[in-house]
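What follows is a set of notes on a single structure, which appears directly below.
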Amino acid sequence: CSSDLHDYLTERQRLAGLFQAEVPVHDLGNLLDIEFTSDVWEKWGHKCMSCGSCAMVCPTCYCYGVMEKVSMDFERGVKQRQAYSCNLVDFAEVAGGHNFRPDSTTRLKYRYYHQHRGFVEIYDEPKCVGCNRCGRTCLAGISPVEVITDLQMDERT
């Protein structure tokens with residue numbers, strides 16, 4: 001009986017190891033600053049389709065837009081919050097048509113900075129909880145583990 005339990009626990013530990021992608025994230029904010037102009041952003045940014053699926057499944061993303069719907073007779077109206085994503089093309093568009101994050105590379109970089117650096121400055125904790133929902137849902141196959149690992153490798157070279 002104890003042999004069965006040992007076999008079960010050993011197999012369970014082996015299987016659990018198959019589903020964990022670990023990446024050291026201590027001092028990640030400083031790494032992001034150091035690697036601000038890294039080619040890693042270009043590599044992954046060019047893959048990004050700017051579809052926003054990552055933000056739609058992220059349990060900590062909270063960006064939204066406000067949609068105003070007014071009736072044709074202008075007597076009734078409603079304002080609705082709608083989930084939005086910093087990866088969408090028009091997210092950073094302002095009056096006059098200027099877009100201060102016009103390409104997918106800068107939008108992807110901003111997302112990582114917000115998740116792993118900006119939030120830390122305010123709350124002393126990263127916004128990312130490490131669930132990898134964004135990586136699993138990404139149509140372009142962008143995994144946060146791979147992006148961060150690439151940045152860490154780039155720093156070493």
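Where a number appears in this text, it was derived from the coordinates with a stated rule and is not lab data. Not measured: the values here are computed from a predicted model. Ideal geometry is used to build each Cβ from the backbone, glycine not excepted, and the neighbour counts take in all protein chains shown.
Data for the structure
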read-out	value
The range 77-102 residues that are in contact (Cβ under 8 Å) with a residue 12 or more places away in the chain and part of a strand (DSSP E or B), paired with ones that are of a type in the set (Gly, Ala, Ser) and surrounded by 10 or more Cβ atoms within 10 Å (Cβ to Cβ) (beta carbon under 6 Å, 6 or more apart)	Gln82/Gly65
Boolean, Gln152 is within 18 Å of the chain's Cα centre (by Cα), within 23 Å of Lys43 (Cβ to Cβ), part of a helix (DSSP H, G or I) and without any contact (Cβ under 8 Å) to a residue 60 or more places away in the chain	no
Tally of residues being surrounded by 11 or more Cβ atoms within 10 Å (Cβ to Cβ), without any contact (Cβ under 8 Å) to a residue 60 or more places away in the chain and in a helix (DSSP H, G or I) across the range 10-54	1
Tally, over the range 103-135, of residues that are in a helix (DSSP H, G or I), farther than 11 Å from Trp44 by Cα, in contact (Cβ under 8 Å) with a residue 40 or more places away in the chain and over 11 Å from the mean Cα position of the chain (by Cα)	3
Check on Val147, aliphatic (A, V, I, L, M), more than 21 Å from Met49 (Cα to Cα) and in contact (Cβ under 8 Å) with a residue 60 or more places away in the chain	no
